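Below is one structure, written out as structure tokens; the observations come after it.
The values are calculated or read from the model by the stated rules, or taken from the named source; none is laboratory data. On a predicted model such as this, the values are computed, not experimentally measured, just so you know. Glycine gets a Cβ as well: all are built from the backbone with ideal geometry, and neighbour counts include every protein chain shown.
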Ligand SMILES: Cc1cc2nc3c(=O)[nH]c(=O)nc-3n(C[C@H](O)[C@H](O)[C@H](O)COP(=O)(O)OP(=O)(O)OC[C@H]3O[C@@H](n4cnc5c(N)ncnc54)[C@H](O)[C@@H]3O)c2cc1C
């Protein structure tokens, strides 16, 4: 079981496991009950659109169970060449911050910041990397060993002596509780959410009017497909072009680390005991040098699972159909991007 699921209250579990009765017709059918589908449904419902969400898996939230909960647009900006996605990443974090202050949302939102230790064998110094981050619009300070020691006393001096970067506004959230909150918020706004229902075919023309699902036919005005790329291909739909690639790693179960995420070649680590997240370079995953944190040495790498997928793609119209939108999330940044992508998708559907 996902470590995130283990921390849910019985009430929260019920929220994810409950399936509403399917409405046979609606203005927008959202296929996919992961974070992207839920956020899209939420923003559509805010715009007074009637929405039916269907999800193949029995539990809503799906992929959020595996996320590491990082909301770090700066790390994203430094490794992703796409400026539009940088902006979406910033908007994504800011949107989660806005959700966090609403009473119906409760997902352990914390602005902890991110301390990134400078790469050892890189051709970029901490100051150069900080300048690049500043040019990309990130909030960042280059920090020396003394400042690192104040921020995170557990870092050994060998590593700290090379300096690092501190991104003070980076945040974290509980990905599954985010899904729970969105499900609650969607239902409150009248969205119907049916899990265990798979989408198998669309009734095609230049305008799609209906779909076949495992439990019957549905009709709608517009369609938003937010499943993974592989699901799109299975349905004969071509996913939008990919904007980048990445690799994610996480420990499961978690001790002694709370979590590890690997962004490009930077592992991002959160200790069970602390709030701080840090990263460092490695040559080849998963060869993380021992000694930065004592705890790292005792992680059993055989218990680490990994995923390598494309990163998020912007919503695009389905070829030959004027009312069907496709978007999908990839490996490790879509908890971050989901609110911005979902909002964009909702805007496009309404336009
Ligand atoms: C190891 C790991 C670490 C991660 N860490 C982070 C992180 O630190 N920060 C971050 O921002 N993100 C992170 N993520 C990414 C984030 O968790 C996921 O990208 C995000 O949850 C994906 O949401 P989604 O809605 O696109 O897809 P999913 O949650 O996978 O949802 C897809 C939905 O489509 C449904 N579906 C599929 N096919 C069909 C069909 N034919 N009919 C009906 N329904 C269908 C599924 O049932 C599901 O409901 C991480 C992911 C992984 C794997």
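Scan region 53-72 and give yes if some residue there is surrounded by 22 or more Cβ atoms within 10 Å (Cβ to Cβ), touching a strand residue (DSSP E or B) at 6+ places or on another chain (Cβ under 6 Å), within 14 Å of residue 346 (Cα to Cα) and in the same structural domain as residue 185 (by TED's automatic domain parsing), otherwise no. So far as region 53-72 goes, yes, one or more of its residues are surrounded by 22 or more Cβ atoms within 10 Å (Cβ to Cβ), touching a strand residue (DSSP E or B) at 6+ places or on another chain (Cβ under 6 Å), within 14 Å of residue 346 (Cα to Cα) and in the same structural domain as residue 185 (by TED's automatic domain parsing).
If you go through region 188-214 and keep only what is more than 11 Å from residue 324 (Cβ to Cβ) and within 11 Å of the ligand (Cβ to nearest atom), you end up with 193, 194, 195, 196, 197, 198, 199, 200, 201, 212, 213, 214. Within the option set 121, 97, 75, being within 18 Å of residue 166 (Cβ to Cβ) and either assigned to a helix (DSSP H, G or I) or at pLDDT below 95 (or both) holds for one residue only, 75.
Is it true that some residue in region 78-85 is within 30 Å of residue 188 (Cβ to Cβ) and out of contact with any strand residue (DSSP E or B) (no Cβ under 7 Å at 6 or more places or on another chain)?
There is no residue in region 78-85 that is within 30 Å of residue 188 (Cβ to Cβ) and out of contact with any strand residue (DSSP E or B) (no Cβ under 7 Å at 6 or more places or on another chain).
Of the residues in region 10-21, at least one is closer than 20 Å to residue 180 by Cα and within 19 Å of the chain's Cα centre (by Cα). For region 18-37, the condition holds for no residue, the condition being that it is more than 7 Å from the ligand (Cβ to nearest atom) and assigned to a helix (DSSP H, G or I).
The number of residues in region 46-92 that are more than 9 Å from the ligand (Cβ to nearest atom) and closer than 16 Å to residue 174 by Cβ comes to 0. Selection within region 151-171: residues that are out of contact with any helix residue (DSSP H, G or I) (no Cβ under 7 Å at 6 or more places or on another chain) and at pLDDT 85 or above. The member of this set that is surrounded by the fewest Cβ atoms within 10 Å (Cβ to Cβ) is 168.
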